[in-house]
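Below is one structure, written out as structure tokens; comments come after it.
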Amino acid sequence: MEYTVDACERCDELVESRSRIVNGVGTGSLGIVFVGEAPGADEDAQGEPFVGRSGEVLTEKLAELGVSRDEVRITNSVRCRPSDNRDPRVGELENCRPYLVAEIDTLDPDVVCTLGRVPTTNLLDGVGAMREVVGDELRVEIGAKERLVVPCYHPAAMLYDRSKEETIDETLARVVGIARSD
Ligand code: URA
């Protein structure tokens, strides 16, 4: 299945609220796929995931680890901006999931890092609170294969709660370490 989506009308509300479909970016050559929630206003305007404030955090944190955006894959659980920054609905996550699964299948990364609660619960059935799984190395069936998934707090979380920064740093360092050791 093609994972770069040029046209999709599966979600009535998202077709109305988006100005474009925001596909993933980066080669993923290092072996990491980061999965966020959904495009925000900046991403919708620019057509690229994680380019707003939380994107700046992610890009900076990766740079501190010597990693460029282009070496990793950065994508989202849904590719169209929900209105008023609401969370994507369960049906929308389901509609978009085949694209995400095809992206992960094709890039075949060493590790998938979920950024925040929405992608974590989307890919891991039955997860409760983020704090219970953050930084864990979990084996999860995604599409055709069992994958290593490491949940991380969403980069925006540390903008509201500085105490999360250390955990984000540790989790990203762990994810990069896994990819580099493979
Ligand atoms: N937050 C997300 O989860 N994804 C983006 O692309 C931007 C912000």
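The values are calculated or read from the model by the stated rules, or taken from the named source; none is laboratory data. Note that the coordinates shown come from a computational prediction; the quantities given were computed from them, not determined experimentally. We place every Cβ from the backbone using ideal geometry, glycine too, and count neighbours over all the protein chains shown. Ligands, DNA and RNA are excluded from the accessible area calculation, which covers all protein heavy atoms including side chains. Shrake-Rupley method; radii C 1.70, N 1.55, O 1.52, S 1.80 Å.
Quick notes on this structure:
- Within segment 39-65, the residues that satisfy the criterion of being at negative phi, open to solvent by 20 Å² or more (accessible area, probe 1.4 Å) and part of a loop (DSSP other than H, G, I, E, B) are E48, V51, L65.
- E103 within 21 Å of M1 (Cα to Cα) and either part of a loop (DSSP other than H, G, I, E, B) or free of Cβ contacts under 8 Å to residues at least 12 places away in the same chain (or both): no
- S68 being more than 10 Å from the ligand (Cβ to nearest atom), more than 25 Å from R10 (Cβ to Cβ), loosely packed, with under 14 Cβ neighbours inside 10 Å and among the polar types (S, T, N, Q): yes
- Top-ranked residue of segment 115-133 - restricted to ones that are touching a helix residue (DSSP H, G or I) at 6+ places or on another chain (Cβ under 6 Å) and hydrophobic (A, V, I, L, M, F, W, C), ranked as nearest to R97 (Cα to Cα): V127
Quick grid of which residues meet (1) aliphatic (A, V, I, L, M); (2) over 16 Å from the mean Cα position of the chain (by Cα); (3) open to solvent by less than 50 Å² (accessible area, probe 1.4 Å):
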| residue | (1), (2), (3) |
| --- | --- |
| P88 | no, no, yes |
| D108 | no, no, no |
| V112 | yes, no, yes |
| P119 | no, no, yes |
| N122 | no, no, yes |
| G135 | no, no, yes |
| Y160 | no, yes, no |
| E166 | no, yes, no |
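- Pairs linking a residue in segment 34-51 that is more than 7 Å from the ligand (Cβ to nearest atom) and aliphatic (A, V, I, L, M) to a residue that is open to solvent by less than 20 Å² (accessible area, probe 1.4 Å) and part of a helix (DSSP H, G or I), with Cβ atoms under 6 Å and 6 or more positions apart or on different chains, are V35/P119; V51/E43.
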